[in-house]
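The values are calculated or read from the model by the stated rules, or taken from the named source; none is laboratory data. The shown structure was predicted, so the numbers you read here are calculated from the model rather than taken from an experiment. With ideal geometry, Cβ positions are generated from the backbone for all residues, glycine too; neighbour counts draw on all protein chains shown.
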């Protein structure tokens, strides 16, 4: 089968190959999915940059990709709730989605929304689960005020919709060219970061969702209320997350001294969210999609053989929603 494989830690054009590899075999608890579409995430760029080298059992060459949608073509003998022909989608933390066939545990896969095609469905799993888990970690409630940075990005565009579905008041930041369509996603206050300073507009927010990192992580404490929450996707880990990562707590304490001071000053809650595979949460997202609470945001759709060019495009950080790979 055809697949996009990571073969070296160099610039993107020298890091991946369009390969012919063996179709995966499934265990008793897995299903084999014929992939119709996948999508590119910033996490794929981090993989190529070597930022996930410490992940156990990640050995080159490795088939890339985390998001997949397609049809089940075979099921293991222990699989009970899924059958051949089911249209499914998932985020697969083991990677392997940039290929014609993917083997996935029955516990980690969901039926795709019935109102989406395969390309639309493939754009959702990683970003929607990330946004869902971040807002859940911050215990977002109806009436809360939340600032979501990078509203035109994959996570931001979904987080806006999830927050509005929760009944929150949403501030977001984006560039001039994207203001109108980010507003159309439901954001109450869209801040053009090219012409406006969000720190002078957002006051006493209950929560900030930070997908950007420094300096936005530290500046988040300037706009939250006393006892507010800062949820980051890329900042320094909190103590609980650091333990999950087996990080050096003493070294972390030194690096985090500025953030720790801000946490104490604002009596704030701070957390780095590590994405987890969760089929139950993806089922909840499916329900929101099917009732029209969440719509997909796709920048462009490209064929599998043009994945290298698409990765280079995503690496520049200016996508409007997701870049989707059409496999079948």
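Report yes if some residue within the stretch 2-12 is modelled with pLDDT of 95 or more, under 27 Å from residue 284 (Cβ atoms), in contact with a strand residue (DSSP E or B) (Cβ under 8 Å, 6 or more places away or on another chain) and outside any helix (DSSP H, G or I); otherwise report no.
no
Any idea which residue in the stretch 67-84 is modelled with the lowest pLDDT, counting only those that are in a loop (DSSP other than H, G, I, E, B) and closer than 11 Å to residue 111 by Cβ? Break it down into steps so the answer makes sense when it comes.
Initial filter on the stretch 67-84 (in a loop (DSSP other than H, G, I, E, B)): 76-84.
When the remaining residues are screened for being closer than 11 Å to residue 111 by Cβ, the result is 81-83.
On the way: 81: 93, 82: 97, 83: 97.
Across the stretch 67-84, the extreme among qualifying residues is 81.
Go through the residues of the stretch 29-48 one by one and say whether even a single one is crowded, with 16+ Cβ neighbours inside 10 Å, farther than 22 Å from residue 117 by Cα, touching a strand residue (DSSP E or B) at 6+ places or on another chain (Cβ under 7 Å) and free of Cβ contacts under 8 Å to residues at least 60 places away in the same chain.
Yes, the conditions are met somewhere in the stretch 29-48.
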